[in-house]
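Coordinate-derived values only; no laboratory data. Model, not experiment: these values are computed from the prediction. Positions of Cβ are backbone-derived with ideal geometry, glycine not excepted, and every protein chain shown enters the neighbour counts.
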Amino acid sequence: MRVTVLGGVGAHPTARQGCGGYLIEHADARVLVDPGYATFPQLLARTPVDGIDAVYVSHGHPDHCADLQPLLRARALADPPRPPLPVHAPPGSLDRLLAIDDPGLIDQAYELHEFRPGAEFEIGPLRVATRLLPHFVPNAGARFSADGTVVAYTGDTGPSDGLVELARDADLLIAEATYPEVVNPRRAGNLSTAAEVGAYAARAGARRVLLTHLWPGTDPAAATAAARRGYDGALTVATPGLVIDLS
């Protein structure tokens, strides 16, 4: 299994990178996870629009799904149009995004598979086990597993014991770490710190951690140092183009 980072900031893109987005590859399958703002160009640098087999969206905030729309538009306007792309997302989370274009333009470009967080299903060779985690809107963290390899992904989440189970013995934990040490009081309970990520990654026995969704302008070194206090395994910060090979 291989993970390619397409972006790694939260809230909005910066001049240097887009929001979170990840390409998970295993066997002959390519699954796009949370294509946030400004990740589509990074995706196109690595694969044509018909090179994606499915999309997984953890929740409906645009920094996690906005660039699904240009992907679908490109597939719909291709000559000939590409086959419908399976899109997996919590109920209602993509309604507004899928409705912003001309009526009917992208309708044939996707097959929407809505699931309630807690569901388990398959995407090609990947087994996906989802878990409801605390956020402003329903957020589905996920464990992607195949052939004994596990990638755990939090989406956006506040503190929860469910994070430990989500990350249990994962080969890679992709974890939202918006702030290094302290969550903005207006967002308390709905987002995490790098310090918290380090603590629950250690409890879970995760073998490697990728910190992502850093607030724009956050010093990656500060996030790394905060996580390091609780976690001594392999640790890095999401940057576009980073490839993690878990083979």
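With R₀ fixed at 45 Å, the C-beta to C-beta distance from Ala45 to Val164 puts the FRET efficiency at about 0.80. Reducing the stretch 31-54 and the stretch 200-247 to their Cα centroids gives an inter-centroid distance of 22 Å. As a proxy for reagent exposure, ranking Ile100, Ile174 by other Cβ atoms within 10 Å from fewest up yields Ile100, Ile174.
The label point for Glu122 and the one for Asp107, both projected 7 Å from the Cα toward the Cβ, are 3.1 nm apart.
Packing-based ranking of 117-125, 175-183, 35-43 yields 35-43, 175-183, 117-125, ordered from highest to lowest mean Cβ neighbour count within 10 Å.
The calculated FRET efficiency for the pair Asp219 and Thr149, based on their C-beta separation and a Förster distance of 35 Å, comes to about 0.65.
Summarising the amide proton neighbourhood of Ser58: residues at separation of 5 or more, or on other chains, whose placed amide H is nearer than 5 Å comprise Asp34. For Leu173, the residues whose amide H sits under 5 Å from its own are Ala152, Arg208, Val209, Leu210, ignoring neighbours fewer than 5 places away on the same chain, with H placed 1.01 Å from N.
The stretch between Ala234 and Arg186 holds 14.1 nm of extra length on full extension. This uses 0.36 nm per residue minus the Cα-Cα distance.
Beta bridges per DSSP, both residues in the chain: antiparallel share near 55 percent. Highest-first packing order for the peptide set 5-13, 158-166 is 5-13, 158-166, based on the mean count of other beta carbon atoms within 10 Å. Applying 0.36 nm per residue to the separation of Ala29 and Ala78 and subtracting their alpha-carbon distance, the gain on full extension is 15.5 nm.
Per-peptide packing, taken as the mean over residues of other Cβ atoms within 10 Å, places 52-59, 215-222 in the sequence 52-59, 215-222 from highest down. According to the square roots a ≥ b ≥ c of the eigenvalues of the Cα gyration tensor, what is the shape class of the stretch 2-245, taking rounded for a/c under 1.5, prolate for a/b larger than b/c otherwise, and oblate for the remainder? The shape class here is prolate.
Amide H to amide H, with H built 1.01 Å from N, Asn139 comes under 5 Å of Leu133, counting only residues 5 or more places away or on other chains. For the stretch 128-215, chymotrypsin sites (Phe, Trp or Tyr not before Pro) are listed when DSSP marks them as loop and at most 16 other Cβ atoms sit within 10 Å of their Cβ; the list is Phe136.
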